[in-house]
Amino acid sequence: MSFRARIKEIAKKNESNIVLALDFPFHNPEKRGELFDKAQSVLESVYPYMCAVKINHHLVLPLGTFEGVQQLVEKIHEEGLLAIMDCKLNDIGSTNQVIAEYYYAAGFDALIANPFVGWEEGLQPIFSVARKLKRGVILLTYMSHRGANEGYGQTIYDLETNAKGAQYISFARKALRWGADGAVVGATYPDKIREIHEILKEKVPIYSPGIGAQGGAVEKAMDAGANYLIVGREITLADNPSDKAKRLKESIKHKVAFG
Ligand code: XMP
């Protein structure tokens, strides 16, 4: 089964479209054991309210891919969730391919890549590897931070349409054409979610980070067309992550058609 079908099935079963961003602030690397324990304990307390977990450099750098992080990925799978690596792949194709192969070997079900590098000798090799292994590739389309407009929001001369247009519109069309398993659009920009959703319809699901800590709102993102919500510090840094995750899930339940 494809990554897209699997995450949809888990979201339906768990009645949650929340992807936990398992991120924590800098820890003294000598005390990385504490960081691992913290990550594991948050994971154990919130997994019933999630459909997937996204891991970033916050954990890969201090814990290592094949030591700490692979154990967390196994734990994520044991809890019935999928694991996404937020590596924002952004290099030449041969390097992208090796990075992707390592993350897939560590058990990740999907990874995030940056369409700025293009297809040929850019992202094409990782789509090939992903298809072979039945894993996913999710593309950045409009990022959640303030400076996103400087790159994703630029007006470009689109070589495919021979006309001027927005960079993120071109990326949304590429997500469709390349058969991406998801498109990342910041919850902080509901208007962009709406515009991109118009292009993607239900063919490529929208993953939306930026809820809470970055100022994005669940209602606005979902009303605009976000399919999955990526939530990090709002949960991981809460006094009671389990309670926070449970309440977040309850708040979105009525909005999601899990059919
Ligand atoms: P917070 O704590 O802000 O964490 O809920 C968000 C998580 O998502 C990552 N992030 C993004 N990842 N495209 C991405 O692929 C984005 O536009 C984006 N914005 C935030 C962030 O690194 C953190 O892990």
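Where a number appears in this text, it was derived from the coordinates with a stated rule and is not lab data. For clarity, every value in this text was computed on a predicted model and none was experimentally measured. A quick note on method: Cβ atoms are made from the backbone with ideal geometry, for glycine too, and the neighbour counts reach across all protein chains shown.
Modelled spin-label separation between Arg146 and Asp37, with each label point placed 7 Å from Cα along the Cα-to-Cβ direction: 3.8 nm. D by Stokes-Einstein for the chain, Kirkwood Rh over Cα pairs, 20 °C, 1.002 mPa s: 117 µm²/s. Packing around the peptides 203-209, 119-125, 13-19, taken as the average count of other Cβ atoms within 10 Å per residue, puts them in this order, highest first: 203-209, 13-19, 119-125. Around the amide H of Ser144, modelled in the peptide plane, lie the amide H atoms of Gly186, all under 5 Å away and 5 or more residues distant in sequence or on another chain. Taking amide H as placed 1.01 Å from N in the peptide plane, the amide H of Ala183 sits under 5 Å from that of Leu139, Ile206, Tyr207, each at least 5 places away or on another chain.
Spin-label model, Arg177/Ala163: points 7 Å from Cα along the beta carbon direction are separated by 1.5 nm.
Distance from the Cα centroid of the range 196-216 to that of the range 37-115 is 20 Å (rounded to whole angstrom). The simple spin-label model puts a point 7 Å past each Cα toward its Cβ; for Ala217 and Glu202 those points are separated by 2.7 nm.
For the range 1-137, the Stokes-Einstein estimate of translational diffusion at 20 °C and a viscosity of 1.002 mPa s comes to 140 µm²/s, using the Kirkwood hydrodynamic radius over alpha-carbon pairs.
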